[in-house]
1. Using the alpha carbon gyration tensor of the chain, what are the three equivalent-ellipsoid semi-axes (square root of 5 times each eigenvalue), largest first, in whole Å?
2. If you line up the Cα atoms of region 1-61 on their principal axes, what length do they span on each, largest first, in Å?
3. May I ask you to compute the full-extension gain from residue 8 to residue 24, defined as 0.36 nm times their residue separation minus their alpha-carbon distance, rounded to one decimal in nm?
4. Compute, for the chain, the length of the dipole vector about the Cα centre, with Cβ point charges of +1 (Lys, Arg) and -1 (Asp, Glu) only. Units Debye, rounded to 20.
5. Of the heavy-atom accessible surface of the chain (probe 1.4 angstrom), what whole percent is carbon and sulfur?
6. Excluding same-chain residues fewer than 8 positions from residue 31, which lysines have a Cα within less than 25 Å of its Cα?
7. Using a 7 Å offset from the Cα along the Cα-to-Cβ direction at both residue 55 and residue 78, what is the distance between the two label points in nm, to one decimal?
8. Given the rule -39500 (n - 2.57) for each run of at least 4 DSSP H residues, summed and divided by the residues of the chain, what is its mean residue ellipticity at 222 nm, to the nearest 500 deg cm²/dmol?
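The values are calculated or read from the model by the stated rules, or taken from the named source; none is laboratory data. This one's a predicted model, so the numbers in the text were calculated from it and none came from an experiment. Here the Cβ positions follow ideal geometry from the backbone for every residue, glycine too, while neighbour counts run over all protein chains shown. Heads up: the accessible areas ignore ligands, DNA and RNA and are worked out on the full protein's heavy atoms, side chains in. Shrake-Rupley method; radii C 1.70, N 1.55, O 1.52, S 1.80 Å.
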Amino acid sequence: MYNPFSLEGKTILITGASSGIGRATAIECAKMGASLVITGRDEERLKETLTRLEVSKDRVHMQIVADLSTEDGIKDLVNQIPQIDGCVSNAGVVGRTPIHVITA
């Protein structure tokens, strides 16, 4: 049966996978059949994400601890990732900035 949302046989890189939207995206991509390369700065939280991913004999997931806010972190990630079929670029830093004026 045709499933346009299947990721069977695909390897997907997900940045920011140690929490929040990145973690949720990783979990859902694994459910859709993808092998995942997950990355984030916090090794313990990244390991927790890895334990939540669905696995099978046809899929292998891997984690790479990397700080993508630095050039060296990006280079290290690029040097370690296998060939991928897609990427969810979700890494980011949350900061609060007040909005004083909004104009249309």
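1. Values: eigenvalues 143, 66, 34 Å².
Equivalent ellipsoid semi-axes, largest first: 27, 18, 13 Å.
2. Computed over region 1-61, the largest-to-smallest principal extents equal 39, 22, 15 Å.
3. Values: separation 16, 0.36 × 16 = 5.76 nm, distance 1.81 nm.
Here the segment from residue 8 to residue 24 would lengthen by 3.9 nm.
4. On the way: 11 positive and 13 negative charges, 53 e Å.
For the chain, the charge dipole is close to 260 debye.
5. Working: 3830 of 7260 Å².
The nonpolar share, carbon plus sulfur, comes to 53 percent.
6. Within the straight-line cut-off, residue 31 pairs with 10, 47, 57.
7. 3.1 nm
8. Values: 3 runs with 31 residues, N = 104.
Mean residue ellipticity, 222 nm, calculated: -9000 deg cm²/dmol.
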